[in-house]
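Here is the structure we will look at.
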Amino acid sequence: MVPFAGYEMPIQYTGEGGGIVAEHKWTRQSASLFDVSHMGQLALKDAADDPGSAARALEKLLPGLITSLKPGKMRYSLLLTEAGGVIDDLMVTNTGPHLALVVNGACKRDDIAHLREHLPDEITLTHFDDFALLALQGPKAGAVLEELIPGTGALTFMTAGLFEWEGAHLWVSRAGYTGEDGFEIAVHESRVEALAEALVADERVRPAGLGARDSLRLEAGLPLYGHDLTTDINPVSADLTFALSKKRRETGGYMGHGAVMTALENGPDQIRVGLTLEGRMPAREGAEVFAGDAKVGVVTSGGFSPTLGHPIAMAFIDAAHAAQGTSLEIAVRTKRLPATVSPMPFVPHRYYRGS
């Protein structure tokens, strides 16, 4: 257990099936339960007698289309500074009665302050700090949850809905941060222990900690805020242009639009890329990347891939050296480790998009 964002968080579990590598592999083959209650769960509600006002107001802060988001649908987006830097990445869901936001645990206080400062007073912002969040992830997650909570199996990737389990109301989203199929389940703190116990009682489900969550998201090529994303990094450099909807690029109207468009038009100086390494020694965050004698970048996430059997990393590399197949070197201790710019995700995503 380690302190993180005001919580005591599990890095790994002990006993049979425990340990980061074992938990990682179990997630890839069956289903793992992660406690991600440190994440911030927020809601934005329309001003009285002004339907859609919350979505219109939020679109002034995010580069994605929110006003066209239909009930039960989700969208990945970014909070940006005026200079185009990433304040946080987040999920937005249209629940029908309100917009639900899930933000990163270490950022949630700053995110709430940013939203309160820039949203009109008429928009109600609620922080559901009495709700927990569980993530059930893996190829068997759908079957497990459908047996426990009928109807959840009909959800597809990036959709969500309201369900009931033993009298408790649950908000279930088919999404996650492992690259596997899976769900995130919002449940009141008074019922989360019972729900977690019910899930791990299924022989297909084992608990997993932050260690496996990190190695899984790295294999999936997913950036982690505070490491691969910061206020000094814009969405273009971060290779997150898919979050910049075409319509919003043209019409603008959101914070940081000018800076983002400049980066799009001119191209980034550096870009987030994947790196595969030879041997067994991983390159960690902060390791410098070289092309010959010239430093051309820095690793922001790195580790050993249990699925692939060799180290992988994400790094910000000078654009001139960022083409796939480029051979580089990473300085680790006194050694230079050979590395190759590689496509991401390192391990293919297996999201459930329907039969």
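Name every residue in region 283-295 that is within 24 Å of the chain's Cα centre (by Cα) and crowded, with 16+ Cβ neighbours inside 10 Å, in order of residue number.
Listed by number, the residues that qualify are Ala283, Glu285, Ala287.
Could you please find all residues in region 304-336 being closer than 21 Å to Val21 by Cβ and in contact with a strand residue (DSSP E or B) (Cβ under 7 Å, 6 or more places away or on another chain)?
Selection gives Phe304, Ser305, His310, Pro311, Ile312, Ala313, Met314.
What pairs can you find where one residue is in region 341-354 and more than 30 Å from Ala320 (Cβ to Cβ) and charged (D, E, K, R), the other is modelled with pLDDT under 95 and surrounded by fewer than 15 Cβ atoms within 10 Å (Cβ to Cβ), and their Cβ atoms are less than 7 Å apart, with a gap of 6+ or different chains?
Final answer for the pair search is none.
Going through Arg280, Arg248, Arg272 one at a time, which residue ends up being basic (Lys, Arg), touching a helix residue (DSSP H, G or I) at 6+ places or on another chain (Cβ under 8 Å) and either surrounded by fewer than 16 Cβ atoms within 10 Å (Cβ to Cβ) or under 16 Å from Pro235 (Cβ atoms) (or both)?
Just one listed residue meets the conditions, Arg248.
Go through the residues of region 220-227 one by one and say whether even a single one is more than 17 Å from Ser77 (Cα to Cα) and buried (at least 18 other Cβ atoms within 10 Å of the Cβ).
yes
Do you know which residues across region 24-66 are under 26 Å from Thr178 (Cβ atoms), in contact with a strand residue (DSSP E or B) (Cβ under 9 Å, 6 or more places away or on another chain) and not hydrophobic (A, V, I, L, M, F, W, C)?
His24, Thr27, Ser30, Ser32, Asp35, Ser37, His38, Gly40, Gln41, Pro63, Gly64
Please return the ranges of strands (runs of 3 or more DSSP E) entirely within region 291-355 where 1 or more residues are touching a His at 6+ places or on another chain (Cβ under 9 Å) and more than 29 Å from Thr156 (Cα to Cα).
Hits in region 291-355: 294-305, 327-332, 335-342.
The values are calculated or read from the model by the stated rules, or taken from the named source; none is laboratory data. Bear in mind the structure is a predicted one, so any value in this text is a computation, not a measurement. Positions of Cβ are generated from backbone atoms using ideal geometry, with glycine treated the same way; all protein chains shown enter the neighbour counts.
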